[in-house]
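Colleague: I'd like to ask you about the structure that follows.
Nothing in this text is a laboratory measurement; each read-out follows from the coordinates by a stated rule. This structure is a prediction, so every number in the text was calculated from the model and none was measured. All Cβ positions, even for glycine, are placed from backbone atoms using ideal geometry, and neighbour counts span all protein chains on display.
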Amino acid sequence: MSRRCELTGKGPMVGNNVSHANNKTKRRFLPNLNDTTLHSEALGRAIKFRISAHALRSVDHRGGLDAFLAKAKDSDLSPHALKIKKEIAKATAAS
């Protein structure tokens, strides 16, 4: 399972551990990923995602999963999220 957010594409970053003696060793900064169930109003069902805490706040700020996915770039989304985005677009166009 990759350590990448399904909605924002945020992944691991690389940096240094710096000791008191200023010795530097490589380390990884991992995103704060959470398994979350988000509700889609257009589809009328809940969908499971593995997203970062920052993405969860962004979804709430934009007004829900449907609004977030409508504005999200396709290049940032995972294949699972891209499929859900297309389903939501089809459901909103039909109604």
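Colleague: Quick check on Ala93: is it exposed (fewer than 13 other Cβ atoms within 10 Å of the Cβ) and in contact with a His (Cβ under 6 Å, 6 or more places away or on another chain)?
Modeller: Against the criterion (exposed (fewer than 13 other Cβ atoms within 10 Å of the Cβ) and in contact with a His (Cβ under 6 Å, 6 or more places away or on another chain)), Ala93 does not qualify.
Colleague: Next question. Hey, which of the strands (runs of 3 or more DSSP E) in the range 1-84, taking only ones fully inside, have at least 1 residues that are surrounded by 17 or more Cβ atoms within 10 Å (Cβ to Cβ) and among the small types (Gly, Ala, Ser)?
Modeller: Here the list reads 33-40, 45-52.
Colleague: Something else now. How about the range 71-95: which of its residues are over 13 Å from Ser40 (Cα atoms), of a type in the set (Gly, Ala, Ser) and touching a strand residue (DSSP E or B) at 6+ places or on another chain (Cβ under 9 Å)?
Modeller: Result: Ser78, single match.
Colleague: Something else: For the range 65-92, name all the residues that are among the small types (Gly, Ala, Ser) and within 13 Å of the chain's Cα centre (by Cα).
Modeller: The answer is Ala72, Ser75, Ser78, Ala81.
Colleague: Can you give me the number of residues within the range 54-95 that are under 17 Å from Ser2 (Cβ atoms), without any contact (Cβ under 8 Å) to a residue 40 or more places away in the chain and of a type in the set (A, V, I, L, M, F, W, C)?
Modeller: 1
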